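A short worksheet on the structure shown next.
Each value in this text was obtained by applying a stated rule to the coordinates, not by laboratory testing. Quantities reported herein were computed from a predicted structural model and do not represent experimental measurements. A quick note on method: Cβ atoms are made from the backbone with ideal geometry, for glycine too, and the neighbour counts reach across all protein chains shown.
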Amino acid sequence: MTMPSERTRAVIHAGEFLQALSQDASLPESVRRQARGLLRHYPSREETLHAGQVEEQLTEGTLFQPTFSSSIDE
């Protein structure tokens, strides 16, 4: 089972990967353009961690588990 911190880390790293792809001049322009297009609506590191913080507060004391975490273990 994926833990919220693992899921958060994966989303953040995927965003960093898309950012790297969008700037890699050795890749075809179509690939870089597609990565930029995906990044346009992709959450930033700060937004992802903030979502985790909100979810942790909303699920505290309930049976529900947050999807994201306010921190990542790296």
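Within the bounds of the range 34-51, is there any residue that is in contact with a Phe, Trp or Tyr (Cβ under 8 Å, 6 or more places away or on another chain), under 25 Å from S5 (Cβ atoms) and not hydroxyl-bearing (S, T, Y)? Write out each step before concluding.
Step one: filter the range 34-51 for residues in contact with a Phe, Trp or Tyr (Cβ under 8 Å, 6 or more places away or on another chain), giving 48-49, 51.
So of that shortlist, the ones also under 25 Å from S5 (Cβ atoms) come out as 48-49, 51.
Going one step further and asking which of them are not hydroxyl-bearing (S, T, Y), we end up with 49, 51.
The answer is yes; a qualifying residue exists.
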Cβ-Cβ under 6 Å pairs, at least 6 apart or on other chains, the range 9-23 side aliphatic (A, V, I, L, M), far side surrounded by 13 or more Cβ atoms within 10 Å (Cβ to Cβ) and in a helix (DSSP H, G or I) = V11/T48; I12/R45; I12/T48; L18/A35; L18/L38; L18/L39; L21/A35
